[in-house]
Amino acid sequence: MTDAPDRSHKAGNGEDSIYWDKSKNRFIGAVSRGYTSAGTRNRPKVSGKTKTEVRRKLKELKKNLDAGVKTPANYTVAQTVNDWLAKGLKSREATSIKTYRILADTHIIPLLGKAKLGDLEADELDDWLEGRASVLATQSLRMVLSILRRSITHAQRRGKVARNVAELLEMPEGRPGRPSKSLSLEQAEAVLRALPGTWIHAYVVLSLLVGVRPEEARPLMWTHVHTGAADGTRPHVDVWRSVRRRGDTKTRKSRRSLAMPLQAASVMQAHKERQQAACRAQGAEWTDERLVYPADDGGVRTSESVRWFLRVLLKEAGFEAPEEWTTRELRTSFVSLLSDHGIPIEVIARVVGHSGSGITERVYRKQLRPVISDGAEAMDEIFEKTEGVQRKGHAEGT
């Protein structure tokens, strides 16, 4: 039952008051906090449909004021999220910020944006999160909740809210994601033969035979690729998974140096020599600071661009539905092929940069076999019968 409007009480000096505002059709609660430096009365206000609701909000407001929290009355969730995206991610890569922005603009701001930050309730957020769980996979749902939590934490540190109500939420299960798949040995051999002499061929060779992540391969520079051609060292590639603007890695385990199989080293050396020749033809000075797989404008390729060219290569390799494959499944295939060859799951986990073998076992490995040997040598063994892969790689470098 809604409280009836009561206009009989008038607050005295220093008292809190609750009154009915006909223009807003709501009860208003005001806290008396003396006078501002300009000599005007300082009376922060809250509103609600009932007196009971207003009393509760007044109590929370006074608690926040006593704690030094100064949430503007009209500070919304949209402003909270936008402030975090603008000011709380200064060291992050533009691609990461773009991902957060898309998720926020799609799943947070349209549904919660108009809500006042100080009025957010856990029940309200639970309903919102359950609704998102019906349309998002669990990983995406986790990212969306993280964006909201981190945005409110950012506001909390700036004294705009006393508590982070999003921390009270429990993560529900989202929709099942599309299960990843793995190339068979026959499919992998066909892929390694397709479009030799092109950058996408070199990209596929490195991804499939070394197991680098798409986000590691796209910004890779020649300073991190060591084919052994110049100094006779063992061919290897440094993969630094960075989401920071200055290129520093998120954790020590994000920085790995991986041996390259002979096929990969040969193809990568030939790919480098083609780039150097193109550089000389343009009259430009070569530097190993150049990207290994640059876009047409010289910058880092987008994931969409790499995916499009991968599917062109898969079509050339005879795949009937190349649109059903993604770049990440080259890495999945790397894990499965090593596992099928008998490499221990613990060794595979270390090579692909996982902190433990659990995620490797659960997500990446599609075939289970007993234990035998180790890394780059295994890929040489797996593909030693692939006609022309190594020979073509050497020929491309001449």
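Observations, loosely collected:
- Set Q187, Q156: member being at pLDDT 90 or above and more than 27 Å from L136 (Cα to Cα): Q187
- Sole exception among (1) at pLDDT below 85; (2) buried (at least 16 other Cβ atoms within 10 Å of the Cβ); (3) within 22 Å of the chain's Cα centre (by Cα) for R218, by number: (1)
- Within the option set A162, A194, being modelled with pLDDT under 95 and buried (at least 18 other Cβ atoms within 10 Å of the Cβ) holds for one residue only, A162.
- Matching option when the condition is over 16 Å from the mean Cα position of the chain (by Cα), modelled with pLDDT of 85 or more and not polar (S, T, N, Q), among V69, V77, V46: V77
- Scanning the stretch 17-38 for residues that are surrounded by fewer than 16 Cβ atoms within 10 Å (Cβ to Cβ), modelled with pLDDT of 70 or more and in a loop (DSSP other than H, G, I, E, B) gives K22, S23, K24, N25.
- Of all residues in the stretch 279-295, those that are of a type in the set (A, V, I, L, M, F, W, C), surrounded by 11 or more Cβ atoms within 10 Å (Cβ to Cβ) and in a loop (DSSP other than H, G, I, E, B) total 3.
- Condition check for T249: assigned by TED's automatic domain parsing to the domain that holds R301, at pLDDT 95 or above and either in contact with a strand residue (DSSP E or B) (Cβ under 6 Å, 6 or more places away or on another chain) or β-branched (V, I, T) (or both): no
- One residue alone among L208, L148 is assigned by TED's automatic domain parsing to the domain that holds R311 and either touching a helix residue (DSSP H, G or I) at 6+ places or on another chain (Cβ under 6 Å) or charged (D, E, K, R) (or both), and that residue is L208.
- When the stretch 257-278 is limited to residues that are part of a helix (DSSP H, G or I) and over 17 Å from T198 (Cβ atoms), the one that is modelled with the lowest pLDDT turns out to be L262.
- Residue match in the stretch 308-326 (condition: among the hydroxyl-bearing types (S, T, Y), in the same structural domain as V225 (by TED's automatic domain parsing) and at pLDDT 65 or above): yes
- Of the numbered criteria (1) closer than 30 Å to S303 by Cβ; (2) assigned by TED's automatic domain parsing to the domain that holds W84; (3) surrounded by fewer than 17 Cβ atoms within 10 Å (Cβ to Cβ), the one E121 fails is (1).
The values are calculated or read from the model by the stated rules, or taken from the named source; none is laboratory data. Only a predicted model underlies this, so the values are computations on that prediction, with no experimental measurement involved. Backbone-built Cβ (ideal geometry, glycine too); neighbour counts: all protein chains shown.
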